[in-house]
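Visitor: Here it is, the structure in full.
The values are calculated or read from the model by the stated rules, or taken from the named source; none is laboratory data. What you see is a predicted model; the values in this text were computed from it and never measured. Note that each Cβ is placed from the backbone with ideal geometry, even for glycine, and that neighbours are counted across all protein chains shown.
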Amino acid sequence: MLSTSAIAAAILVRTREPAITGAPDAHLDHLVAVAQVAAREEPELAQKFVWTRQASTYLGFRAAARGMEAEARVRKELPVKHGLSVQVLDNLTQTLDQFDAAMAQGSEGRRAHVGASAELATVANEIVQAVRVMDGLNRFRFAGDPESLAAWESASNIAASPPPTASSELAPEGAPPTAGEIRPAREAAPVEG
């Protein structure tokens, strides 16, 4: 069963990827093209609408996109006069709001995951301490009974084995085991004479 943090992380990845790689590109390309045309009247406008698809971080993408969106809203009359579609601008705002919500959800998912990991480490430590207490108690209880003490030592000394991997489960008959892999012995085929 997936944890809440794993689900939140999966939602974040599925939600934010298109926001960077697809949908806003058309919006931002439109803003840049309009700004270049409008720069004939107001030359500094072109410098405020620079968009490269090489934004290396989500925060870099967000800062660039939100900056252009805000600038377009502040100077709305001039860009609209030169072909800015208000529908594109409104849709960009909506898309960036969805992106921000996905980022917040992902941050919350990571925070929950870190908290759960810390809690798990604390519980595991408490279990180890309880087992040590039980070990001391049982060693005392079985001090006069070597057979029971040996049984306790055997029962409390179980080594965990790694879970089987898909490759070990599907290994063909007679194939040698991979490094660290343990397989049950197979019966030898009867020798015909």
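Visitor: Scanning for something in contact (Cβ under 8 Å) with a residue 24 or more places away in the chain, in a helix (DSSP H, G or I) and surrounded by 12 or more Cβ atoms within 10 Å (Cβ to Cβ), does region 113-130 turn up at least one residue?
Guide: Yes, region 113-130 contains at least one residue that is in contact (Cβ under 8 Å) with a residue 24 or more places away in the chain, in a helix (DSSP H, G or I) and surrounded by 12 or more Cβ atoms within 10 Å (Cβ to Cβ).
Visitor: Let me ask something else about it. Determine which member of the set 148, 168 is modelled with pLDDT of 85 or more and surrounded by 12 or more Cβ atoms within 10 Å (Cβ to Cβ). I'd like the intermediate steps shown before the answer.
Guide: Numbers: 168 fails: modelled with pLDDT of 85 or more.
On inspection, the qualifying residue turns out to be 148.
Visitor: Which residues, counting only those in region 129-141, are over 12 Å from residue 156 (Cα atoms) and not aromatic (Phe, Trp, Tyr)?
Guide: Residues satisfying the conditions are 129, 130, 133, 137, 141.
Visitor: If you take the residues in region 92-112 that are surrounded by 14 or more Cβ atoms within 10 Å (Cβ to Cβ) and of a type in the set (A, V, I, L, M, F, W, C), which one is nearest to residue 46 (Cα to Cα)?
Guide: Top of the filtered list is 92.
Visitor: Any idea how many residues of region 78-91 are assigned to a helix (DSSP H, G or I) and closer than 13 Å to residue 45 by Cα?
Guide: 2
Visitor: Given the criterion within 30 Å of residue 31 (Cβ to Cβ) and either touching a residue at least 60 places away in the same chain (Cβ under 8 Å) or exposed (fewer than 13 other Cβ atoms within 10 Å of the Cβ) (or both), identify the matching residue among 63, 155.
Guide: 63
Visitor: Residue 47 - would you say it is part of a helix (DSSP H, G or I) and either surrounded by 14 or more Cβ atoms within 10 Å (Cβ to Cβ) or at pLDDT 85 or above (or both)?
Guide: On the way: part of a helix (DSSP H, G or I): yes; either surrounded by 14 or more Cβ atoms within 10 Å (Cβ to Cβ) or at pLDDT 85 or above (or both): no.
Criteria not met by residue 47.
Visitor: Another one. State whether one or more residues within region 74-87 are within 30 Å of the chain's Cα centre (by Cα) and surrounded by 13 or more Cβ atoms within 10 Å (Cβ to Cβ).
Guide: For region 74-87, residues within 30 Å of the chain's Cα centre (by Cα) and surrounded by 13 or more Cβ atoms within 10 Å (Cβ to Cβ): absent.
Visitor: Need pairs with beta-carbon distance below 8 Å; first residue touching a residue at least 24 places away in the same chain (Cβ under 8 Å) and within region 30-49, second in a loop (DSSP other than H, G, I, E, B) and among the hydroxyl-bearing types (Ser, Thr, Tyr); sequence gap 6+ or separate chains.
Guide: From residues that are touching a residue at least 24 places away in the same chain (Cβ under 8 Å), the pairs are 30/85.
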